[in-house]
Amino acid sequence: MTPRTRKALALLSAALLSAATAAACSAGRTPPARLGDAHPPPSRAAGPTATPARGFTLVASGDVLPHDSVIKQAAADADGAGHDFRPMFSHVKPLVSAADLALCHMETVYGPDGGPFTGYPAFQSPPEVADGLKDAGYDGCSTASNHTLDAGAEGVARTLDRFDRVGLRHAGSARTAAEAAAPTLYTAGSATVAHLAYTYDTNGYPMPEGRPWAVNLMDKDKIVADARAARTAGADVVLVSLHWGTEWQTAPDERQLSLGRELTASRTGGRPDIDLILGTHAHVPQAYEKVNGTWIVYGMGDQVAGEMFNHSGDRDLRGNYGSLARFTFAPPAAAGGRWQVAKAEFVPQMMDLSAGKVVNLPAALAEDPDDTAYRRARDTVSEAVLGRGAAAHGLTMGR
């Protein structure tokens with residue numbers, strides 16, 4: 001083939017490609033991306049090449065409550081170089097990191113770098129807790145609790161600053177009014193997920209002067225208004241964390257039951273304003289229940305805690321038991337519809353004080369079925385979680 005012939009063929013090919021592209025555009029179809037395009041043009045939502053919506057899996061866990069013994073354990077794990085909480089979460093890391101979105105509950109605030117650090121009753125935890133949570137695979141945490149103001153505005157700022165530093169998001173407390181007003185948003189699968197968080201009280205500590213927004217207090221009207229604002233901001237799924245309930249009581253109390261009914265009944269245009277409620281605070285595992293078509297986890301129990309003593313002053317092993325909640329959300333059948341929970345699971349866990357680690361109990365028992373302490377913990381958690389008939393609505397134990 002002569003050079004002149006090759007040139008003619010090249011010009012003819014270019015003309016045909018240009019005509020095909022123009023025809024495709026005039027017919028309402030998006031032209032194919034060119035090799036080397038950093039971002040291919042988006043497909044039309046109704047077109048045959050539209051990207052299908054993708055579901056996601058959420059994992060959530062209970063109170064991280066570093067007592068003095070927990071702080072000492074993290075210091076020992078760091079071999080004298082500060083505090084290392086990564087080993088503490090290492091046994092639940094595979095489960096947490098596998099989720100599309102993983103949320104924890106940071107009940108305490110952080111002390112200054114280098115300390116001093118304190119446990120009960122006014123907690124100031126080592127900032128390295130955040131590093132351990134991030135390493136485990138958590139994406140963010142609720143930070144509204146009765147201990148949020150243990151160290152005033154400074155404690156809130158130190159905690160959220162450390163979250164920012166390690167790459168954890170947060171909901172429930174804030175450093176500025178603007179931060180308090182903005183919903184915390186995540187992308188999971190193809191969904192935009194909002195996380196809101198509230199607490200029943202702050203142990204009598206007043207809001208810092210001039211900062212009435214420092215921590216979200218639990219109020220039905222505010223929660224509903226915030227959920228609707230999150231929808232307006234683009235949320236497909238709205239998650240609400242509530243620090244509530246009666247300590248050491250396995251059964252949800254009347255306030256949990258009544259507020260849960262009210263929140264799950266709230267709708268806008270026939271669509272529920274809230275898609276899932278995640279509870280903390282009671283120190284013991286509590287039930288999961290489907291109310292008005294929406295799952296409520298009344299209490300996940302403590303994830304991290306030292307030796308726990310109940311109101312009678314007795315050592316209570318339930319204070320080291322809890323559950324991880326795992327919910328798989330599926331896209332709506334039609335645009336603008338509700339994302340549905342396609343699978344609901346709980347995973348019993350235990351803070352093993354002798355090992356200094358949080359244990360995934362079903363996984364541990366698969367390796368050693370004869371461990372009586374782990375079996376007792378698993379069965380206690382399961383009995384509490386299933387205590388309000390959740391199995392009939394499809395809740396199963398995972399691992």
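FYI, it's all coordinate maths here, none of it is from the lab. Quick caveat: nothing in here was measured; it's all calculated off a predicted structure. Methodologically, a virtual Cβ is constructed for each residue, glycine included, from the backbone with ideal geometry; neighbour enumeration extends over all protein chains shown.
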Could you pull out which residues in the stretch 229-264 have an amide N less than 13 Å from a spot 7 Å beyond the Cα of Leu185, following the Cα-Cβ vector?
229-238
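When the chain is fully extended, how far beyond the present Cα-Cα distance does Ala333 get from Asp201, taking 0.36 nm per residue of separation?
Working: separation 132, 0.36 × 132 = 47.52 nm, distance 3.96 nm.
Extra length from Ala333 to Asp201 when fully extended: 43.6 nm.
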Which one of Gly80, Thr280, Gly189 has its Cα pushed farthest toward the positive end of the charge dipole of the stretch 56-397, where Lys and Arg give +1 and Asp and Glu give -1 at the Cβ?
Gly189
Over the Cα atoms of the stretch 56-397, compute the convex hull volume and normalise it per residue, giving Å³.
126
Residue among His283, His243, His91 with the largest mean-square fluctuation in a Gaussian network model of the chain, springs linking Cα atoms under 10 Å
His91
For peptides 111-117, 289-295, 141-147, sequence by mean Cβ density within 10 Å, most packed first
141-147, 289-295, 111-117
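Kindly work out what percent of the DSSP beta bridges joining two residues of the chain are antiparallel, to the nearest 5. Write out the running numbers ahead of the final one.
Working: 35 of 67 bridges.
Roughly 50 percent of the beta bridges in the chain run antiparallel, per DSSP.
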Give me the count of lysine pairs in the chain whose alpha carbons sit under 25 angstrom apart, restricted to pairs 8 or more positions apart or on different chains.
10
Anisotropy class of the stretch 182-266 from Cα gyration tensor, a/c 1.5 cut
oblate
What is the sum of charges, Lys and Arg at +1 and Asp and Glu at -1, for the other residues whose Cβ falls under 10 Å from the Cβ of Gly322?
-1
At R0 = 25 Å, FRET efficiency that the Cβ-Cβ distance of Asp164 and Glu209 yields, to 0.05
0.55
In debye to the nearest 20, how big a dipole does the chain give about its Cα centre with +1 on each Lys and Arg Cβ and -1 on each Asp and Glu Cβ?
2580
Exposure proxy order (Cβ contacts within 10 Å, fewest to most) of Leu276, Leu353, Leu58:
Leu353, Leu276, Leu58
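For the pair Ala98 and Asn292, what calculated FRET efficiency results from E = 1/(1 + (r/R0)^6), where r is the Cβ-Cβ distance and R0 = 30 Å, to the nearest 0.05? Please report the intermediate quantities before stating the final value.
Details: r = 30 Å, r/R0 = 1.00.
FRET efficiency, Asn292 to Ala98: 0.50.
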Subtract the Cα-Cα distance of Arg228 and Ala342 from 0.36 nm times their separation in residues, and report this length gain in nm to one decimal.
38.7 nm
Pair Thr176, Asp219: separation of 7 Å Cα→Cβ label points (nm):
2.4
Kindly put Glu107, Glu247 in sequence by how many other C-beta atoms sit within 10 Å of each C-beta, fewest to most.
Glu247, Glu107
Segment Ala53-Ala373, length gained on full extension (0.36 nm per residue, minus Cα span)
110.9 nm
Starting from the 7 Å offset along Cα-to-Cβ, what nm value, one decimal, do you get for the label separation of Glu262 and Ala76?
4.6
Could you order peptides 194-207, 363-376 by the average number of other Cβ atoms within 10 Å of their residues, highest first?
194-207, 363-376
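Please sort 60-66, 215-221, 266-272 by packing, taking for each peptide the average over its residues of neighbouring beta carbons within 10 angstrom, highest first. Walk me through the numbers before you get to the answer.
Working: 60-66: 28.6, 215-221: 17.0, 266-272: 12.1.
Result, highest mean first: 60-66, 215-221, 266-272.
Under the rule of -39500 (n - 2.57) per DSSP H run of 4 or more residues, summed and divided by the residues of the chain, what mean residue ellipticity at 222 nm is obtained, to the nearest 500 deg cm²/dmol?
Working: 11 runs with 118 residues, N = 399.
Mean residue ellipticity, 222 nm, calculated: -9000 deg cm²/dmol.
What is the order of Ser125, Ser173, fewest Cβ neighbours within 10 Å to most? Show your work: numbers first, answer last.
Numbers: Ser125 33, Ser173 27.
The fewest-first ordering by Cβ neighbours comes to Ser173, Ser125.
Once a ≥ b ≥ c are taken as the square roots of the eigenvalues of the Cα gyration tensor of the stretch 129-227, is the result rounded (a/c under 1.5), prolate (a/b larger than b/c) or oblate (a/b not larger than b/c)? Numbers along the way, then the final one.
Values: a/c = 1.92, a/b = 1.21, b/c = 1.59.
The shape class here is oblate.
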